[in-house]
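One structure is given below, encoded as structure tokens.
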Amino acid sequence: MRALLIVNPNATSTTPAARDLLAHALSSQVQVRVVQTTHRGHAAELARRAALEGVGLIIVHGGDGTVNEIVNGLLGAPEPGSMRAVTIGPIPPVAVVPGGSANVFARSLGISQDPVVATNQLIELLELRERRSVGLGHCDGRWFTFNAGLGLDAQVCEAIDASRSNGHAATPARYVRTAIRTFFRNKSLEPALTVEVPGHDPVDGVHYAFVSNSSPWTYLDERPVRVNPETSFDSGLGVFAMKTTAVAPSLRVVRQLLTPGSQPKSRNLFRVDDVPKVRIRSRVPIGLQMDGDYIGMRSDVEFVSVPGALTVIAPSRA
């Protein structure tokens, strides 16, 4: 089988040595060609071309942003409101060897954070011909694999992107510091969001909202952060919408997010799992992020779940 290994050399934990080890190890299973990305959007271009050329497997060595690009390159722009994928033709399965900082998508699939261990996992999975279909979400004309959000998390992603441009690594500690600064900077702002979920009354007075396609929502080093524990790649979307920025109730919810087995709840929190779609409106433009990538300012966004949109090389269940 022909395979394309797409490597983002600028991802946090990718190295030439790891790339060469991965390519050499994979050569026992597939006929592999290695290409490094050179610019934003390049991974999407490479994946789309590979699919059109009939390549049988796309392997990603990079972070969540590179994975997101490849998924969007393979599937093309989703139809607004549609709960099915409109593809460019046969879509090859995707395998991920983590190379970023958080690697949420890969880890949620049961792939090791360690690139060497993940490489051995991938070889074994290829030998066993093990794969699974996962659902994805889309909004604003783009696919997302594990989460999206309006407000707080988007502002944090925007700040992290800016710090990366200035040469700072995207470490968990930097994410935490940035999140705390952003929270207190916006603490006194009036809530601007209204969340509309089928079967529920509209929820007004929301400060920020997260939409999950899997759980965990993210990781702090080895600690998972679970905003919607019942959400998975096999279910619909999870919605987590906070109606307060008061410190005490916010800290209580954060503690629940970090506690294993907890089901976050608060009278200031609207949370629901397994919804086919959710619409979030804002009375003023507010930041939107997808898979940790800041997209821009939006005032009306519909998030849609699409079951079984992508085939991945991963354990049948994480």
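The values are calculated or read from the model by the stated rules, or taken from the named source; none is laboratory data. Note that the structure is predicted; figures quoted are calculated from it, not measured. In this analysis, Cβ positions are derived from the backbone assuming ideal geometry, glycine residues included, and neighbour counts consider all displayed protein chains. Please note that ligands, DNA and RNA were not included when accessible areas were found on the heavy atoms of the full protein model with its side chains. Shrake-Rupley method; radii C 1.70, N 1.55, O 1.52, S 1.80 Å.
Every condition in (1) farther than 13 Å from residue 294 by Cα; (2) polar (S, T, N, Q); (3) crowded, with 20+ Cβ neighbours inside 10 Å holds for residue 155 except the one numbered (1). When residues in segment 21-56 are screened for being within 24 Å of the chain's Cα centre (by Cα), among the small types (Gly, Ala, Ser) and on the phi < 0 side of the Ramachandran plot, 6 of them pass.
Restricting the search to strands (runs of 3 or more DSSP E) fully inside segment 269-318 and requiring at least 2 residues that are touching a residue at least 60 places away in the same chain (Cβ under 8 Å), more than 14 Å from residue 206 (Cα to Cα) and open to solvent by 50 Å² or more (accessible area, probe 1.4 Å) gives 293-312.
Taken across segment 37-49, residues that are under 20 Å from residue 132 (Cα atoms), among the β-branched types (Val, Ile, Thr) and open to solvent by less than 50 Å² (accessible area, probe 1.4 Å) do not occur at all.
Table: residues versus (1) assigned to a helix (DSSP H, G or I); (2) open to solvent by 40 Å² or more (accessible area, probe 1.4 Å); (3) under 17 Å from residue 145 (Cβ atoms).
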{"site": "13", "(1), (2), (3)": "no, yes, no"}
{"site": "22", "(1), (2), (3)": "yes, no, no"}
{"site": "34", "(1), (2), (3)": "no, yes, no"}
{"site": "70", "(1), (2), (3)": "yes, no, yes"}
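Looking only at segment 133-147, filter to residues that are of a type in the set (Gly, Ala, Ser) and open to solvent by 10 Å² or more (accessible area, probe 1.4 Å); which one of those is farthest from residue 274 (Cα to Cα)? For segment 133-147, the residue satisfying everything is 141.
Residues satisfying the criterion are absent from segment 227-244 (criterion: modelled with pLDDT under 95, within 30 Å of residue 125 (Cα to Cα) and within 15 Å of the chain's Cα centre (by Cα)).
Restricted to segment 245-263, and to residues there that are open to solvent by 20 Å² or more (accessible area, probe 1.4 Å) and assigned to a loop (DSSP other than H, G, I, E, B), the residue that is farthest from residue 133 (Cα to Cα) is 246.
Here residue 61 meets each of (1) outside any helix (DSSP H, G or I); (2) surrounded by fewer than 23 Cβ atoms within 10 Å (Cβ to Cβ) with one exception, condition (2).
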